[in-house]
Amino acid sequence: MTAKEIAEKFKIDGMIREVRPYGDGHINDTFLVKTTTKKYVMQRINTFVFTNAEVLMSNIVNVTTYLNNQIDAQRGDPRQKIQIINTVDGKYYYSCEEGCFRMYTYAEHTRSVNIPLSNEHFKKGAICFATFVKYLLDYPADTIVDVIPDFHDTRSRYKAFESAVKDDEFGRLEGVKDLVEFVKQREKYVGLLVDKLKKGQLPYRVTHNDTKFNNLLLDDETYNPVAVIDFDTIMKGTICYDFGDAIRAGCNSAEEDEADLNKVYFDFDKYEAFAKGYLSTLGQFITEEEKDNLAFSCILITLECGIRFLTDYLRGDCYFKTHYPKQNVYRAKTQFKLVMDMEQRFEEMKSIIAQATC
Ligand code: ADP
Ligand code: GN1
Ligand code: MG
């Protein structure tokens, strides 16, 4: 079936004029569908990553229905309300030989970028991500199925890394020994957040879990963040995951796979801007323990992401999309450079959080 024929399986308005690849995600294949009257976003769900499309889509339907009611109640920008378009048979996704597809409404006059344009820009992004969590504060977290179990359990990620190193099934270990050593030296970090969650010292909340900057839609003209997207990983977790992941992505001075590490550094001013925006929105709703762990979560989630890229490289690049050989190695290296920068400025990072007004 062609992409156009697949798009016709959904309840869309107008006649399809164009279906073309869109966006820059590492997981799903995204298409922009233009009809004579409207635009839509169609995605082929990555079923290697999300093995149960039924459960994945039920999570998303339930959470977005609740979220969209909150957005209405708070009179948010209507573009925040991303809706799922059912198939003509009334299902949330369409399954065929070519894969498993879903359709969303297209948020008009939006775009996304990988790196925030300024400190102020990132601060606005922080408010958007924090508002997302705020809207979901009363959502029953236990009703959401863990579509990727232990997604941010860094200890599990470390174990998966150790076993990839041990197996070295593609003979790639020799070329990345220094990176493996870098990770091993930081084993002491890996249980620190997850243990606090399991002991009840950090509360579980409904979190997004994939808060990189290009998971925000920006207004086409002003570039103001208007909506949070990419709902696949909404699960119960700690806000430290969202905070840490946003900093990992947004405070990188360069692209995630930048080969020249001299261009890669941790942008401390952006960190400060994000922390202020995030805490101004969510600070009054969170515990002291959560606040105390925000700065560390940036180091941990950046390390975790680097571990995931490196593990994927050792396992033959089957999880993250890659566009050239060793892209996952370059990605891992940028993450580790950021970890080193953050380690050096950890005390300052903590005092920004302590001083931020909620
Ligand atoms: P992935 O899981 O692969 O990262 P995303 O859901 O983040 O996929 O979508 C990839 C890109 O497609 C986004 O960065 C954004 O540019 C665009 N996009 C996704 N959903 C929408 C939408 N509803 N409206 C407009 N653009 C969208
Ligand atoms: C993936 O889907 P995307 O591109 O927004 C990944 C995140 C990583 C990120 C690294 C489901 O995010 O966890 O942090 O790449 N998503 C999934 O860029 O694994
Ligand atoms: Mg995405």
Exercise for the section: Report the net charge of residues surrounding GLN327, where surrounding means a beta-carbon distance below 15 angstrom and charges are Lys +1, Arg +1, Asp -1, Glu -1. Expected result: -1
Problem - Cβ charges +1 (Lys, Arg) and -1 (Asp, Glu), total dipole of segment 1-99, debye - result: 380
Exercise for the section: For segment 70-143, report the accessible area per residue in Å² (1.4 Å probe, heavy atoms, rounded to an integer). Expected result: 52
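How much of the DSSP beta bridge set in the chain is antiparallel, as a percent to the nearest 5? List each step's numbers first, then the result.
Values: 32 of 32 bridges.
Of all bridge pairs located within the chain, approximately 100 percent are antiparallel.
Please compute the per residue accessible area over segment 226-284 with all protein chains in place, 1.4 Å probe, rounded to a whole number of Å².
On the way: 1630 Å² over 59 residues.
Spelled out: the 1.4 Å probe surface of segment 226-284, per residue, equals 28 Å².
Classify segment 127-180 as rounded, prolate or oblate, taking a ≥ b ≥ c as the square roots of the eigenvalues of its Cα gyration tensor: rounded when a/c is under 1.5, otherwise prolate if a/b is larger than b/c and oblate if not. Let's see the in-between values first.
Details: a/c = 4.67, a/b = 2.51, b/c = 1.86.
Judged from the Cα gyration tensor, segment 127-180 comes out prolate (a/c at least 1.5, a/b above b/c).
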Problem - Cα centre as origin, Lys/Arg/Asp/Glu Cβ charges: the chain dipole, Debye - result: 340
Exercise for the section: Kindly write out, for segment 80-91 in residue order, the coupling ³J(HN,Hα) from the Karplus curve 6.51 cos²θ - 1.76 cosθ + 1.60 (θ = phi - 60°), rounded to whole Hz, with x marking Gly and Pro. Expected result: 5, 8, 6, 10, 8, 9, 6, 6, 4, 8, x, 9
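Ignoring ligands, DNA and RNA, please state the percent of accessible area on the chain from carbon and sulfur, probe 1.4 Å. Mind dumping the intermediate values first?
Working: 7410 of 15860 Å².
Whole-percent figure for carbon plus sulfur exposure: 47.
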Handout entry: Percentage relative contact order, the chain, counting C-alpha pairs under 8 Å, at least six apart
Key = 18
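The values are calculated or read from the model by the stated rules, or taken from the named source; none is laboratory data. On a predicted model such as this, the values are computed, not experimentally measured, just so you know. No Cβ is skipped: glycine too gets one built from the backbone with ideal geometry, and neighbour counts run over all protein chains shown. The accessibility values were calculated without ligands, DNA or RNA, using every heavy atom of the protein model including side chains. Shrake-Rupley method; radii C 1.70, N 1.55, O 1.52, S 1.80 Å.
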